[in-house]
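Right, one structure below, let's go through it.
The values are calculated or read from the model by the stated rules, or taken from the named source; none is laboratory data. Predicted model only: the values in this text are computed from it and were never measured. A quick note on method: Cβ atoms are made from the backbone with ideal geometry, for glycine too, and the neighbour counts reach across all protein chains shown.
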Amino acid sequence: VCAEGTSKLPFSFKAYMAQKIDAINQALDAAVPLKEPRKIHEAMRYSLLAGGKRICPFLCIAVSELVGGTESMVMPAACALEMIHAMSLIHDDLPCMDNDDIRRGQPTSHKVFGEAVAVLAGDALLALAFQHIATLTVGVPPERIVRGIGELGKFIGAEGVVGGQVVDLSSKGQSDVSLEQLEFIHLRKTAAMVEGTAVLGAVLGGGSDDEIEKLRTFARYTGLLFQVVDDILDVTKSSVELGKTAGKDLLADNITYPKLMGIEKSREFAEKLKKDAQEQLSGFDPQKAAPLFALAHYVAQRSK
Ligand code: GRG
């Protein structure tokens, strides 16, 4: 993908993303060595290293680089974001939540390690995430690290991801969920994690308040876009293609954008969210903003 709006050097998003994801995967592997107690470290590694698109760590690095930071300044934060993402998936798959047997084409954590260890692996990943940022971030003034940690906690806690999950769970099976309620859920459950990612990357990277705000808004639109595309894919792709529990009716008790507004309107909404996200980048140097411009396009076009 070549980002539109960049005239001089052709920018290869694919190569840029592949290089970043390679570095992220190496750092994640090193972040959780296999030590005693072996069972918990095995369970943490099982979910953390089981593939995945690595969108949040990638976004964190790209945002930091856009505001003048470097990859190494935010690599511990990028790993922390993937730890939080992994723990949220482990807990989301538990019998008390979505009760899923398959994630990324593999048995879910509780199917392999049992429920107790799966819960604890999630807990340990969440604790390690904050430890990792606090103890391993180098080259960033301490006040920026503290601010970044505080922001991240806010975005993933009861006002953010956890809040969205609670409302999502209580809306399951309800037939009269409105568009406003659906947006409330997705802005917290999915978009808040993406927003927290951008804010963390921008704060650690040394962005101004104005830059942080623009990137936060970019991430909010991109996060919602991710979820609208997810909903469309759930309708248009089979569960096997998506690596989800085969045979489970994915839409049985989930309210989705296609259910509320139809596939065509959902596609139009996704297109609008992509444009709204990309507009937030107009104040930045287009060459430097090319990775984020292309990321919004990637999220809109993805097929898994
Ligand atoms: C975060 C403290 C804390 C607790 C977790 C269980 C829970 C509370 C929240 C659920 C959050 C959740 C599962 C949101 C869905 C996010 C989402 C769209 C996941 C799919 O992400 P992909 O497609 O996954 O990027 P891959 O496999 O590519 O990593």
Exercise for the section: Taking L136 as meeting all but one of (1) within 13 Å of the ligand (Cβ to nearest atom); (2) surrounded by fewer than 19 Cβ atoms within 10 Å (Cβ to Cβ); (3) in contact (Cβ under 8 Å) with a residue 40 or more places away in the chain, write down the number of the exception. Expected result: (1)
Problem - Any chance E151 is within 16 Å of the ligand (Cβ to nearest atom), surrounded by fewer than 17 Cβ atoms within 10 Å (Cβ to Cβ) and either assigned to a loop (DSSP other than H, G, I, E, B) or modelled with pLDDT of 95 or more (or both) - result: no
Handout entry: Residue under evaluation A30, criteria (1) within 16 Å of the ligand (Cβ to nearest atom); (2) surrounded by fewer than 20 Cβ atoms within 10 Å (Cβ to Cβ), criterion not met
Key = (1)
Practice task
Take E4 and decide whether it is among the charged types (D, E, K, R), modelled with pLDDT of 95 or more, more than 15 Å from the chain's Cα centre (by Cα) and more than 16 Å from the ligand (Cβ to nearest atom).
Solution key: no
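To keep it simple, each residue is scored yes or no on (1) modelled with pLDDT of 95 or more; (2) among the β-branched types (V, I, T); (3) in contact with an Asp or Glu (Cβ under 9 Å, 6 or more places away or on another chain).
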{"position": "T256", "(1), (2), (3)": "no, yes, yes"}
{"position": "K259", "(1), (2), (3)": "no, no, yes"}
{"position": "L273", "(1), (2), (3)": "yes, no, no"}
{"position": "L281", "(1), (2), (3)": "yes, no, no"}
{"position": "L292", "(1), (2), (3)": "yes, no, no"}
{"position": "L295", "(1), (2), (3)": "yes, no, no"}
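Quick grid of which residues meet (1) aromatic (F, W, Y); (2) closer than 20 Å to I84 by Cβ; (3) within 19 Å of the chain's Cα centre (by Cα):
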| residue | (1), (2), (3) |
| --- | --- |
| H110 | no, yes, no |
| V146 | no, yes, no |
| E151 | no, yes, yes |
| D168 | no, yes, yes |
| Q174 | no, no, no |
| V203 | no, yes, yes |
Problem - Boolean, G51 is surrounded by fewer than 24 Cβ atoms within 10 Å (Cβ to Cβ) and either closer than 21 Å to Y221 by Cα or more than 10 Å from the ligand (Cβ to nearest atom) (or both) - result: no
Practice task
Starting from residues that are of a type in the set (K, R) and farther than 15 Å from L179 by Cβ, keep the ones in segment 262-292 and report whichever is surrounded by the fewest Cβ atoms within 10 Å (Cβ to Cβ).
Solution key: K275
Practice task
Determine, yes or no, whether L89 is within 16 Å of the ligand (Cβ to nearest atom) and farther than 19 Å from A192 by Cα.
Solution key: no
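Okay, residues lined up against (1) assigned to a helix (DSSP H, G or I); (2) at pLDDT 95 or above:
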position: I21; (1), (2): yes, yes
position: A30; (1), (2): yes, yes
position: K39; (1), (2): yes, yes
position: G52; (1), (2): no, no
position: G69; (1), (2): no, yes
position: M73; (1), (2): yes, yes
position: A80; (1), (2): yes, yes
position: H91; (1), (2): yes, yes
position: C96; (1), (2): no, yes
Practice task
May I ask you to verify whether V146 is part of a loop (DSSP other than H, G, I, E, B), of a type in the set (A, V, I, L, M, F, W, C) and either away from the ligand (no atom under 15 Å from the Cβ) or within 25 Å of L66 (Cα to Cα) (or both)?
Solution key: no
